[in-house]
Amino acid sequence: MDFGNHPCFNSEVRHSTGRIHLPVAAKCNIQCNFCNRKYDCVNENRPGVTSAILSPFQALDYLGMVMEKMEEKTPIAVIGIAGPGDPFANAEETLATMELVHEKYPEKILCLATNGLGLAEYSGRLVNLNISHVTITVNAVDPEIGAKIYSWVRFGPKVYRGIEGAKVLLERQTEAIKVLKSLGIIVKINTVIIPGVNDTHAAKIAEYCANLGADIQNCIPMMHVEGSAFENIPSLNPGDMLPIRNEAFKYIKQMSHCARCRADAAGLIGDQNSGELDRLLAEASI
Ligand code: SF4
Ligand code: SF4
């Protein structure tokens, strides 16, 4: 599988090729027990954090400013939307942003990171955008385990809880992966590993998603997030992750260089946000 010039999918280009996340997706359609999006601080480097939310047109302006500033040092090859909520809980904002970006920069790789719940309904608009890479976070393929991870799932007008919620999410994620593969899009599965909850389940997720045609999996240790329902569960260290990744590798290629970027990260993987970027972000969101 050729992962192209995308530094998250292809570790060979991660020191030379940059990516940017445009923070246009504020809301989320599920509640993961390890997530708390109330914190909004420039000193925090983790998914779900951004210094501002931009409208699609503001995002386009901001992108132009960042690319101009970074042109020589870090060429931005990949433009993605990864929150701070879920792209498809804010489908209009997400798709309008992608459409504007694709029109202005047709040569750039477009990428989305989502829980997958709302993706399948928008397959028609995705194909027109020429999106090449999508990440779907799948933390359980057994609804009993999923019920421990998700406190609620909002699909259409209804909110589902417990096993019912986990089942709805898994069904929609399954459909999303099938849709993406039918469109020829490269699919990465992110799996947040939570000790005592799904740490012995990653290989099952790998097998399930590989059977659907997913291309690569990124097992990430759950980050300690204050104020989340799982704030008392400790995170695994890199040594603990190795056997988990090795087991999952029996079914699907593994990625291990994810830096768990902010929703407004820009530059090389590992570069998050900086005072300078924050200034540009503030300028764009006026
Ligand atoms: Fe947080 Fe992402 Fe889960 Fe939504 S899908 S609750 S933003 S971790
Ligand atoms: Fe890439 Fe991981 Fe950062 Fe997403 S969070 S841009 S997958 S390194």
- Test: residue in region 181-188 that is part of a helix (DSSP H, G or I) and more than 21 Å from Ser256 (Cα to Cα): yes
- Task: Could you run through region 66-91 and say how many residues are polar (S, T, N, Q) and either within 16 Å of ligand 2 (Cβ to nearest atom) or surrounded by fewer than 18 Cβ atoms within 10 Å (Cβ to Cβ) (or both)?
- Result: 1
- Task: Could you tell me which numbered condition Ala77 fails, if it satisfies all but one of (1) modelled with pLDDT of 95 or more; (2) under 18 Å from the mean Cα position of the chain (by Cα)?
- Result: (1)
- Query: Only one of (1) crowded, with 23+ Cβ neighbours inside 10 Å; (2) over 18 Å from Leu119 (Cβ atoms); (3) of a type outside the set (Asp, Glu) is not met by Val197, so which one is it?
  - Reply: (1)
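This table checks each residue for (1) away from ligand 2 (no atom under 16 Å from the Cβ); (2) in a helix (DSSP H, G or I); (3) within 19 Å of the chain's Cα centre (by Cα).
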site	(1), (2), (3)
Leu100	yes, yes, no
Cys111	no, no, yes
Ser123	yes, yes, yes
Asn128	yes, yes, no
Ile131	no, no, yes
Thr135	no, no, yes
Gly146	yes, yes, yes
Ile163	yes, yes, no
Leu170	yes, yes, yes
- Message: Name the single residue that is modelled with the lowest pLDDT among those in region 229-267 being aliphatic (A, V, I, L, M) and within 28 Å of Ala25 (Cα to Cα).
- Response: Ala259
- Criterion: within 16 Å of ligand 1 (Cβ to nearest atom) and modelled with pLDDT of 90 or more - qualifying residue of Leu22, Leu54, Leu100, Leu63: Leu22
- Name the one entry in Gly196, Gly118 that is in contact with a Phe, Trp or Tyr (Cβ under 6 Å, 6 or more places away or on another chain) and touching a residue at least 24 places away in the same chain (Cβ under 8 Å). Gly118
- Query: Applying the selection to region 195-241, what residues are farther than 21 Å from Arg262 by Cβ and in contact with a helix residue (DSSP H, G or I) (Cβ under 7 Å, 6 or more places away or on another chain)?
  - Reply: Val197, Asn198, Asp199, His201, Ala202, Ala203, Ala206, Cys209, Leu212, Gly213, Ala214, Gln217
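The values are calculated or read from the model by the stated rules, or taken from the named source; none is laboratory data. In this text the structure is predicted, and so the values were computed from the model without any measurement. In this analysis, Cβ positions are derived from the backbone assuming ideal geometry, glycine residues included, and neighbour counts consider all displayed protein chains.
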